[in-house]
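Comments concern the structure below.
What follows is calculated from the coordinates using simple rules that are stated; it is not laboratory data. Not measured: the values here are computed from a predicted model. Here the Cβ is made from the backbone with ideal geometry for all residues, glycine too, and neighbour counts use every protein chain on show.
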């Protein structure tokens, strides 16, 4: 390790606190925490690092540990080292929330051995894995093709929930709370369960009460007032996540203000989760609330908020500038993502002169406009149907050395499609190809919707076939699905079946629903045969594929066709239990058809 560098970073820890923000004795200030993070990230973990961290002897809180872990999330080993330090050396008792965060940080990386150690340790302490953590980790493992770990993780989650002490009590408590309005009778029933007054138990109840946030609040208040439970940062933060819904936002604000008055803060993970689920004025108010506290949002959080505001059809520029001014007031400088966030909203509301001013300010700050920046202006012009200006902008981009990429072209072409100017969109597409920009699945999707908006179903089909065979393009699964539906609605079964075969070639699963509905209403047995062959991934059609089709014929009242298809099916289908149930049901409702004899087959 570079000893001089370590000493220099340690000095930052000691001297970085300005008098205006200097904390009290042994408190854990984010400025100090950021210096810790720099110290940890710049060096391998060692005794020397631990000694330097020990010198300031910070008072560790749930919120501060969450803050540091979230800052270290891109370096899983360092996050694990810090977690071990606070729990082993500092005697900090981690909560189930912290364990869940750490598992999400470690999942899918080259630390799966450590991941399983942490998961087992968590289980040993009686903590439960949250469903959102389970799904998030499952996604990471799938993304990294860790199939064995993925299967083991699913089993671990199921076994943990099955074995977890108090699961039945949680279910009973939730059932009583959701069963009626909150009354003395409900409180009396709850007291009869004699459930454990622990953070983990309360968190599990809050999560189950998510669909009824106001009842979660009632339970929170009741265990505090009637059972004497002292709520802390963990329980406040968890309830805040539940209350951050449209029907309970007023109670949410009451809670977070009460939380702060009690000396607790909204932790970083809670802020990130809530900020991703709320919009507009509430999102900005939450940003300001966090700015007033010690764990302030990052540049990335500010950029994400501006992007969220820009998603509105007509973004509220007052909210945009309110966010930016508050961020700058805390001594922060704007990065490119924040400049782009302001620029995006200005372009969307058609304030191009102000948008150009932002681009100049961005340049002066050392950030050159790129495809992201210019694409926002292209979008703004297209929204106002100013296609000539949008096209000229692409030419200006090239002149300035910023070659338009596929995303920029897609925005322009989509603008033409939305304006029902399909011919211009196709001319633009041709110009793009001439400039050696290859189309992708997103652009194909845009153009197909352009065809369909003009009722040109066969034109869309022909274009799709051409892009697959000539441009070697692989459409999205969703693209195939909506095109099949459109073709069947237009009575083009042959073309729809061709797309089904192409789906199979691209390793997409079969899409039987619209075919079964179409053929059972107006198709023939030959059509059903063609579909079953086209939809089969390997070998012959599955028994359930036949059952699905036979059921569709019966539901349409075409019992003879259902029987004819059954006669032509393999023996394994004819003796399937579902077939017996289907024809028993059909015969009980249609007296004109005699009961089916399996001997006849």
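Ordering 564, 225 from the fewest to the most neighbouring beta carbons within 10 Å gives 225, 564. Taking only the Cα atoms of region 106-209, the radius of gyration and Dmax are 16.8, 53 Å. In this rough spin-label picture, where each label sits 7 Å from Cα along the Cβ direction, the residue 154-residue 522 distance is 4.1 nm. Residues 416, 461 in ascending order of nearby Cβ atoms (within 10 Å, fewest first): 461, 416. FRET efficiency for the residue 262 to residue 321 pair, using the beta carbon distance and R₀ = 30 Å, is estimated at 0.35.
Over the chain, the Kirkwood radius and the radius of gyration, each from Cα atoms, give a ratio Rg/Rh of 1.04. Separation of region 119-156 and region 374-418, taken as the distance between their Cα centroids, equals 44 angstrom.
Our estimate of slack between residue 313 and residue 560, defined as 0.36 nm per intervening residue step minus the Cα-Cα distance, is 83.6 nm. Placing a pseudo-label 7 Å from each Cα along the Cα-to-Cβ vector at residue 435 and residue 38 gives an inter-label distance of 4.3 nm. Scoring 260-270, 93-103 by mean Cβ neighbours within 10 Å over their residues and listing the highest first yields 93-103, 260-270. For the chain, the longest principal axis of the Cα atoms and the long axis of helix 493-505 meet at an angle of about 50 degrees.
For the peptides 396-405, 82-91, what is the packing order when you average, over each peptide's residues, the other Cβ atoms within 10 Å and list the highest mean first?
Output ranking for 396-405, 82-91: 82-91, 396-405.
So if I average 1/r over every pair of distinct C-alpha atoms in region 439-511 and take the inverse, what Kirkwood radius in Å does that give? If you can, show how the numbers build up before the last one.
Numbers: mean 1/r = 0.0834 Å⁻¹.
So the Kirkwood estimate lands at 12.0 Å.
Could you tell me the relative contact order of region 283-398? Use alpha-carbon pairs under 8 Å, at least six residues apart, and round to a whole percent.
On the way: 106 pairs, mean separation 24.5, N = 116.
The value is 21 percent.
Helix 525-535 axis versus longest C-alpha principal axis of the chain: approximately 30°, rounded to the nearest ten.
Suppose R0 equals 25 Å. What FRET efficiency, 1/(1 + (r/R0)^6) with r the Cβ-Cβ distance, do residue 455 and residue 395 give to the nearest 0.05?
Numbers: r = 33 Å, r/R0 = 1.32.
That gives a FRET efficiency of 0.15.
Listing 572, 551 from fewest to most neighbouring C-beta atoms within 10 Å gives 572, 551. Stretching the chain fully between residue 125 and residue 485 yields a gain of 124.4 nm (0.36 nm per residue, less the alpha carbon separation).
Counting only helical runs of four or more DSSP H residues, what would the 222 nm mean residue ellipticity of the chain come to if each run contributes -39,500 (n - 2.57) and the total is spread over all its residues? Mind dumping the intermediate values first?
Details: 35 runs with 414 residues, N = 601.
After summing the helix terms and dividing by the residues of the chain, the value is -21500 deg cm²/dmol.
So if we plug the beta-carbon distance of residue 506 and residue 193 into 1/(1 + (r/R0)^6) with R0 = 51 Å, what FRET efficiency do we get, rounded to 0.05?
Details: r = 53 Å, r/R0 = 1.05.
Plugging the Cβ-Cβ distance into 1/(1 + (r/R0)^6) gives 0.45.
What is the helix-to-structure angle for 96-106, meaning the angle in degrees between its Cα long axis and the longest Cα principal axis of the chain, kept from 0 to 90 and rounded to the nearest 10? Once rounded, one gets 70 degrees.
Here each label is just a point 7 Å from Cα along the line to Cβ, and for residue 167 and residue 529 those points are 5.1 nm apart.
Once you reduce region 293-348 and region 422-480 to the center of their Cα atoms, the two points are 35 Å from each other.
Could you sort the peptides 344-357, 41-54 by per-residue average Cβ neighbour count (10 Å cutoff), highest mean leading?
On the way: 344-357: 19.1, 41-54: 14.6.
Descending packing order for the listed peptides: 344-357, 41-54.
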